[in-house]
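*Asks:* Dropping a structure here in structure tokens format, bear with me for questions.
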Amino acid sequence: MSEILFSHNSNLHPQSESPQAPVIDTGACDVSLSPSPESVSTPVCHVCNIGLRLREVARRLGKKTAVIMAQGRQPWQTLTFSELESRSDGYARGFRSVGIGRGTRTLLMVRPGRDLFSLTFALFKVGAVPVLIDPGMGVARLLHCIASAKPEAMVGIGLAQLMRVVRPSFFKSVKTFVTVGHRWCWGGYSADKLLRIDEKPFEVEQTRPDELAAVLFTTGSTGPAKGVLYEHGMFEAQCELIGKTYGIDENDIDLPTFPLFGLFSIALGMTAVIPEMDPTRPAKVNPQNIIRAVNEGGCTFSFGSPALWGRVSKYCVEQNMKLPSLKNILMAGAPVSPVVHERLLKHILSDGAETHTPYGATESLPATSMKGSDVLAETAELTKIGRGTCVGRPVHGVSVEVIRLTDDVIESWDDSLIVADGKIGEITVKGPAVTKAYDNQPEATRHAKIQDGETVRHRIGDLGYKDEQGRLWFCGRKNHRVETTNGILYTVCCEAIFNQHPQVFRSALVGVGLRPAQTPVIVVEPVSIPKTAQESEKLVRELLELGWKCSLTKTIVNVLLYPSFPVDIRHNAKIGREQLALWAAQALSAK
């Protein structure tokens, strides 16, 4: 499932009626949406720059804390909005003086911290185009992304600069480089020396709404990572969408466990508390660090991976610990187990607090959202019997339609593409924050984008359907569907059947062979590895019997055990099914 961000406000969408089990057609796909809500439009203006949002917030809330680095036992480092505005202005002056300006593609590789926000806002202010890549994807993939983005400048810590020196062929396009921290023998500029504090405000570049603002790379969890082209108007629309959708108050204090989401927090006037953690490994987070940051920072709001909140919520329940200040927790990146919602809502959070599962993608966020309380009351039982994961209704201003399943390019939109409610198809999204193209990948753009009038509709690459209440249900990635001679099997629907076994931590449906004659295999990561061959055989037999009782999974005759699933680097929650499929093919051939 793709990435996502913020949720809907209950005031924007009426409460759902009692759910009815949808009829799922696993053949020719189908689903649609009610008329889209009132559109949230990018402000009609000639100047659009998120750096101006920081300036406005700093003008109103200058002495308020903007960033708190909740790391270690030493006193936490902080920046007020005025200080952040001043430092970003100072870096902007320095960047402009060395030729980093409007349109300059600038690779940004710094650790989470005060400098990350100061430098990012500075790049926006000069009109440069930050290139942002997840460092946890591995050196080879990281270098490939850098080479494909062709940055002209680089702002990075010493370790990143050392990589540039050691692997120069991937950095051929970089002409200007700035080191954050100690600069060794590689030359270039020092960020500290470029910082030029002045009482006079920096003159922010007058960028247009349709001008390129940043290149953000996808995680590459289902294929090569792609650079997503963000325009200034899209960032502005996202801020507007998030504010209207969630009703954020400037008194809120955010815990963004994916640090770059802190940029939205700051732009909306929230304090961002950055916890002590490795953002590329949220599933390995120390729960005590999150709990301390929340309770001592007074956090009221948080966005994070289901893997992170699954780990933290389990620890809190075991230790009988509460998080009373949190009013809203958003979890996205993969389906969220109802167990996590139940722990948080019934054991950890205060009365009136809520969990949310926003849904979307790097290319189109936010798209829909679902309250955890509604999951527990209305959809959790349907998920258990293979109906998919309900991800809620479209957020304000976003149109979601489900179209017939095809791997072909769709050049232009036609309403005849839409499938009927209850039929599974490919999820598409249109809205003011939906991106128009990938960077230097015209073929990928053709496959992912549909021209819809004067705008673009994005094919998320996920499969799902709409129910009679207009809610969207997620059934799995399109590339992960398993086509057999008996029909199509969908990952999320089938896996839910096997996940009910108490010894299953998670499962993955994979296909061995070529479509449309694949052999379906369920790969299971047990809660604990069976100690003997007899125990393994018993578990496999019980899982097969569980699958045979359900019409969705009765044709699956292969179950394999795998000690620890590969997962994506951003959320640690998306299962690496491609890797498991290759392993399963080898395992079956060896039998």
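Bear in mind that the values in this text are calculations on the coordinates, not laboratory data. Values in this document were obtained by computation on a predicted structure and should not be read as measured data. Using ideal geometry, Cβ is built from the backbone for each residue, glycine included, and neighbour counts are taken over all protein chains shown.
*Asks:* In percent, how large is the relative contact order of the chain, given Cα pairs closer than 8 Å and 6 or more residues apart?
*Replies:* Averaging sequence separation for qualifying contacts and normalising by length gives 17 percent for the chain.
*Asks:* Once every DSSP H run of n ≥ 4 in the chain is given -39500 (n - 2.57) and the sum is divided by its residues, what mean residue ellipticity at 222 nm do you get, rounded to the nearest 500 deg cm²/dmol?
*Replies:* Mean residue ellipticity at 222 nm (helix-derived): -8500 deg cm²/dmol.
*Asks:* In whole percent, what relative contact order does region 227-299 give with Cα contacts below 8 Å and a gap of six or more residues?
*Replies:* 27 percent.
*Asks:* Right, something else. Kindly express, to the nearest 10 degrees and within the range 0 to 90, the angle between helix 232-246's C-alpha long axis and the longest C-alpha principal axis of the chain.
*Replies:* 60
*Asks:* I need the fraction of alpha carbon pairs in region 481-590 separated by more than 21 Å, rounded to a whole percent.
*Replies:* 31
*Asks:* Also, I was wondering about something else. Which whole-angstrom value gives the distance between the alpha carbon centres of region 422-439 and region 341-401?
*Replies:* 19
*Asks:* Once fully extended, how much extra length lies between Ile157 and Val47, figured as 0.36 nm per residue of separation less the alpha-carbon to alpha-carbon distance?
*Replies:* Extra length from Ile157 to Val47 when fully extended: 36.4 nm.
*Asks:* With r defined as the distance between the Cβ atoms of Asp278 and Lys346 and R0 fixed at 30 Å, what FRET efficiency is calculated, to the nearest 0.05?
*Replies:* So the FRET efficiency works out to roughly 0.50.
*Asks:* So how do Phe301, Phe258 line up by other beta-carbon neighbours within 10 Å, fewest first?
*Replies:* Listed from fewest to most nearby Cβ atoms, that is Phe258, Phe301.
*Asks:* For the chain, what is the Kirkwood estimate of the hydrodynamic radius, computed as the reciprocal of the mean inverse distance between distinct Cα atoms, to one decimal in Å?
*Replies:* That comes to 24.7 Å for the chain.
*Asks:* Using Cβ contacts closer than 10 Å as the measure, can you line up Val510, Val456 from fewest to most?
*Replies:* Val456, Val510
*Asks:* With each label point set 7 Å from Cα along the Cα-Cβ vector, what nm distance links Ser412 and Ser373?
*Replies:* Using points 7 Å along Cα→Cβ, the separation is 4.7 nm.
*Asks:* Just to confirm my numbers, what's the Cα centroid distance between region 450-493 and region 261-282 in Å?
*Replies:* Cα centroid of region 450-493 versus Cα centroid of region 261-282: 31 Å apart.
*Asks:* Turning to a different aspect of this structure: Given 0.36 nm per residue, what is the gain on full extension from Val166 to Glu542 after removing their alpha carbon distance, in nm?
*Replies:* 130.1 nm
*Asks:* A follow-up question, please. Once the Cα atoms of helix 114-125 and of the chain are each reduced to a long axis, what angle between those two axes, in degrees from 0 to 90 to the nearest 10, is obtained?
*Replies:* Relative to the chain, helix 114-125 is tipped by roughly 80 degrees.
*Asks:* In addition: Give me Ser589, Ser190 sorted ascending by neighbouring Cβ count inside 10 Å, so fewest comes first.
*Replies:* Ser589, Ser190
*Asks:* When only C-alpha pairs under 8 Å and at least 6 residues apart count, what is the relative contact order of region 481-590, in percent?
*Replies:* 25
*Asks:* Of all beta bridges DSSP finds with both residues in the chain, what is the antiparallel percent, to the nearest 5?
*Replies:* 55
*Asks:* What do you get for GluC sites (Glu not before Pro) in region 296-368 restricted to DSSP loop and a cutoff of at most 15 other Cβ within 10 Å of the site's Cβ?
*Replies:* Answer by residue number: there is no such site.
*Asks:* Related question: Taking just the C-alpha trace of region 69-111, give me its Rg and Dmax in Å.
*Replies:* Final numbers for Rg and Dmax: 14.2, 41 Å.
*Asks:* Let me ask something additional. Could you please report the charge total around Ala283, scoring K, R as +1 and D, E as -1 over all other residues with beta-carbon less than 13 angstrom from its beta-carbon?
*Replies:* Within the 13 Å Cβ shell, the charges total +4.
*Asks:* Right, next: Starting from the Cα of Arg60, step 7 Å along the direction of its Cβ; do the same at Ser528; then give the gap between the two resulting points in nm.
*Replies:* Here the answer is 5.4 nm between the modelled labels.
*Asks:* Give, in nm to one decimal, the length gained when the segment between Gln74 and Ala140 is fully stretched (0.36 nm per residue of separation minus the Cα-Cα distance).
*Replies:* 20.2 nm
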